[in-house]
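Take a look at the structure below.
Please treat every number below as a calculation from the coordinates, not as lab data. Since the structure is predicted, the reported quantities are computational estimates derived from the model, not experimental observations. In this analysis, Cβ positions are derived from the backbone assuming ideal geometry, glycine residues included, and neighbour counts consider all displayed protein chains.
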2 protein chains.
Amino acid sequence: MTFLSRVITEGRDRLGPVVAQRQAKRVDFPLSQFGLRERNGHVTDAHGVVLRELVDEFGSPLHVVQADALRRNAAAAMAPSLARRGADVFFSYKTNPVPAVLERLHRSGMGAEVISAYEYWLARRLGVPGHRIIYNGPAKSAESVAAAIEDEAYLINANSVGDLASITAQAAAVGKRANVGIRVALPGMWAGQFGMDSGSIDVLSMVREARLSADLNLRALHFHRGITMRRIDEVEEYLDDILRFVDYLGAETGWFPEVLDVGGSLSCPTTSGISTKEFRLNRALGTDITPPDPRDCVTVGQMAEVSQARIHAHFTARDIPVPQVVLEPGRALVADTHFLLTSVLDVKADGDITHLVADAGTNIAESVTNEFHQLFNLSNMHGPAEDAYRIAGPICTPADVTYNNWRMAKPAVGDVLAIMDTGAYCIPFSTSFSFPRPPIVLLDAGRTVIVRRGETFDDLVSRDIDLRVDEPK
Amino acid sequence: MTFLSRVITEGRDRLGPVVAQRQAKRVDFPLSQFGLRERNGHVTDAHGVVLRELVDEFGSPLHVVQADALRRNAAAAMAPSLARRGADVFFSYKTNPVPAVLERLHRSGMGAEVISAYEYWLARRLGVPGHRIIYNGPAKSAESVAAAIEDEAYLINANSVGDLASITAQAAAVGKRANVGIRVALPGMWAGQFGMDSGSIDVLSMVREARLSADLNLRALHFHRGITMRRIDEVEEYLDDILRFVDYLGAETGWFPEVLDVGGSLSCPTTSGISTKEFRLNRALGTDITPPDPRDCVTVGQMAEVSQARIHAHFTARDIPVPQVVLEPGRALVADTHFLLTSVLDVKADGDITHLVADAGTNIAESVTNEFHQLFNLSNMHGPAEDAYRIAGPICTPADVTYNNWRMAKPAVGDVLAIMDTGAYCIPFSTSFSFPRPPIVLLDAGRTVIVRRGETFDDLVSRDIDLRVDEPK
């Protein structure tokens, strides 16, 4: 036994009873938090669809989208009162680029925030007009920038000096003025490859040159915190930093933006990042990870309201025209609209820790490794949660563990687990590593619709050409 | 300025000259290490194909496979002298499941090591007969196990008590004996979800039951270290651990395996994991990461030879029939047969560190983040490598950095970089996150063949059904 494993074992022996006592009842979100309920011993959605039966019909694993939740989130974010006051919302495509999801968000009037030629194409393919698209990112292709200028995109946010030069060149070639913003990275935000360092003199020269350019219509400043904000005071502090920079830039250049794009970075009420300490305690000692308080989580509507109010007050106090406020949420709009059903393939009890092998792992649910995600065993909701289990996925790497220790009633092969809040990043970060990607079904008012079929084995070699190329002589 | 950034800045100022002096010349592998050369100012392969021009023809980014390297690695691993002495090799499909690669390995007579129903299907689809397939992993489907039994697969290695029971049930249903092994995890190997804990009494009962079962033909023990071995003494120690366990098991049960499957876990000569210390120094201070010594790296042939010799000696000394030795290498066979071409989209110099934005990042080259991979700027091979650059990929996350600091001659937009040794895990771990996956071309004796076409935008929504589902009334 190594020193480390001895320490852990001793720690377990000593702390075990304390941990067990503290956690006699594990803290779970109620089903109702997710619009689910129990009826006749089955977990169903609000319209009576039995979740467990979905895997019988569509296979396992299975991504499930709740249309109710999508509508609820979209409607709250696009409240007419917010729009009247000059706050607008563009959904971050990269978070969940599934057409059925995007379509439903766009129906609320929401715009598209895209970061690649593909995402730009997808927005147009879904019928989003140019004036409802914001094009961001460090890797815009020249062709897609030209298309965005041609389509009079709402904003093309320049990520760097080079990016602005490239947009200018495309605008000259197209013969139309490009609506541009400049992305600025303030201390405490994502920086590096993203946006102009706020302390760089290049920001000032970019503003001056863009204002003089006959090819550009400089409209906006763009900010994106990156690090998630959950509390309203974090949002307020973030906005204050932005407004200080706007004042500085105005004093230096005489220019104020007509659009203030404050990005995304909001949380999902029922997920949260796991701290290093919590992660280690959970992994080594099996202590439960505490779920976040869903009530303390800033919503898109709240951020829009606070941003609009604060920006309005700031600009009117200085007698400067108040800019349009733009938000680019992703996670906050979609994370809690999906869950992932996965089946228990094996219960393996030969080591210190009993492992469940599930048919979904980090290959299709990477985010679950470092965030709290409620898990339900749909096949055994009420047994006493006496023991903790390590839940591994199907791919052959020890990193394929979604839950290091999750206390639950004794599971069995064939049980169906629901991993909640998988609507953000799980699908776009999916791989086809050894296992094809699963279908996505949408639950809508009692109807169940496949919106993306699962990959077949043939799909996985469909781009392979001439499987049997001759050897050269 | 935060405390941390002050420490780093001060460290840089103080250490800067020392670092610069120590690294006046950066240590690069010569082009010849990769079968490349320079001619008339262009980097070409051995047959004169100009690498830079490949992106003009096939687009950027681009995966490139060198058929010469594949043949060389396969031939060395499948040397007739090794086969005569009872050593056999099965390629780990998950490492690189590209049919054009697999086909070429199989031509040498190599078998297939698969870990999923899909990989089993793929091996059969490529014409590999059952007796040249080993089926491993914690997540075998019942249907694929039945197929493997029907096809008389060489080995189906049981990962757990439950897995063995499931194989037994399938064998009974098919009406054929399954050729099985039992995967055992010794201390220092991957364990957890993988294989039976060697200290568990369940291993003994599994052996006893499997021997008695009319549905099973217990042939093998299976081991897989997981943690990469580079030196021959590591291999020898690993084998000694295995042989001690074989003796223990023999003493307890009277059974000795007729096949000893010792797995993979060999390294690639020109890559190696980056230590935490090296990683931090490189990230914070820009010190170069030292390339590994390619001569000290155990090859598949060497491991086969050492394994066969050691196992032969061990068994003959005990007067027990010598088992067939089986290896399951992945990385060691394919890592150095691929490289990835990527273009510089932007050179962004507004912050402390100049960032290159490349069109390939962690989305298609995840392994590069924690391994040494030689990088060449094909567009500027000979300028003085005075400054270090941080190389970011195209996707919008700060984690999309392939090289934290790589010293190179002053790069420019449009330069084409070659990231070497991308043949292991880069392709299967690829995502379509915001950017379609690139094509794969094969260089073979001066010919250039697309073996997998790139994803199109349409491909990325090809599984989306009925993009415009009506809202329910």
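Summary for A:Ala169: label point 7 Å along Cα→Cβ; distances to the equivalent points in the other copies, ascending, 6.3 nm.
For peptide B:395-403, the mean count of partner chain Cβ atoms within 10 Å of a residue's Cβ comes to 5. Neighbours of B:Gln170, meaning other residues whose beta-carbon lies under 15 angstrom from its beta-carbon, give a summed charge of -4 when Lys and Arg score +1 and Asp and Glu score -1. For the protein assembly as shown, adding -39500 (n - 2.57) for each run of n ≥ 4 DSSP H residues and dividing by the number of residues yields -10000 deg cm²/dmol at 222 nm. Treating r as the C-beta distance of B:Asp296 and B:Asn380 and R0 as 35 Å, the FRET efficiency rounds to 0.70. Put in order of Cβ neighbour count within 10 Å, fewest first, the listed residues A:Glu234, B:Glu386 become B:Glu386, A:Glu234. For chain B, the longest principal axis of the Cα atoms and the long axis of helix B:232-253 meet at an angle of about 20 degrees.
Each copy carries B:Pro80; placing its label point 7 Å along the C-beta direction from Cα gives inter-copy distances of 8.6 nm, listed from smallest up.
Taking the axis that rotates chain A onto chain B, the chain A residue nearest to it by Cβ, with the distance rounded to whole Å, is A:Thr431, 3.
Sticking with the crude label model, points 7 Å out along Cα→Cβ, report the distance from B:Ala142 to A:Asp240 in nm, one decimal please. If labels sit at B:Ala142 and A:Asp240, their model points lie 6.2 nm apart.
Taken residue by residue and averaged, Cβ atoms of other chains lying within 10 Å of the Cβ of A:137-143 number 6. Partner shielding of B:110-119 amounts to 3, given as the average count of beta-carbon atoms from other chains within 10 Å of each residue beta-carbon. For chain A, the dipole from Cβ point charges (+1 on Lys and Arg, -1 on Asp and Glu) about the Cα centre works out to 640 debye, to the nearest 20.
Relative to the Cα centre, the charge distribution of region A:67-331, modelled as +1 at Lys and Arg Cβ and -1 at Asp and Glu Cβ, gives a dipole magnitude of about 620 debye. What does the charge count near B:Ser205 come to, summing +1 for each Lys or Arg and -1 for each Asp or Glu among other residues with Cβ under 15 Å from its Cβ? Once all neighbours under 15 Å are counted, the net charge is -3. Remark: the protein assembly as shown carries a charge dipole of roughly 300 debye about the Cα centre, counting +1 on each Lys and Arg Cβ and -1 on each Asp and Glu Cβ. Distances, shortest first, from the label point of A:Lys277 to those at the same position in the other copies read 2.9 nm; the point lies 7 Å along Cα to C-beta.
Given a Förster distance of 35 Å, report the FRET efficiency between B:Ser32 and B:Glu57 from their Cβ-Cβ distance, rounded to the nearest 0.05. That pair, B:Ser32 with B:Glu57, gives E of 0.90. Rounded to the nearest 5, what is the percent of antiparallel bridges among the DSSP beta bridges in chain B? Antiparallel bridges: around 50 percent, rounded to the nearest 5. Each of A:Thr253, A:Thr397, B:Thr271 has some number of other Cβ atoms within 10 Å of its Cβ, and from fewest to most they run A:Thr253, A:Thr397, B:Thr271. Cα-Cα over 21 Å: which of A:Lys176/B:Lys348; B:Lys277/B:Lys348; B:Lys94/B:Lys176; A:Lys140/A:Lys176; A:Lys94/A:Lys176? Correct reply: A:Lys176/B:Lys348; B:Lys277/B:Lys348; B:Lys94/B:Lys176; A:Lys94/A:Lys176. Within the shell defined by Cβ-Cβ distances under 15 Å, the residues around B:Glu237 carry a net charge of 0, with Lys and Arg each +1 and Asp and Glu each -1.
Counting only DSSP beta bridges with both residues in region A:67-331, the antiparallel share comes to about 0 percent.
The calculated FRET efficiency for the pair A:Glu252 and A:Ser275, based on their C-beta separation and a Förster distance of 56 Å, comes to about 0.90. When each of B:Ser367, A:Ser462 is scored by the number of other beta-carbon atoms lying within 10 Å, the sequence from fewest to most is A:Ser462, B:Ser367. Considering only alpha-carbon pairs that sit under 8 angstrom and 6 or more positions apart, the relative contact order computed for chain A is 17 percent.
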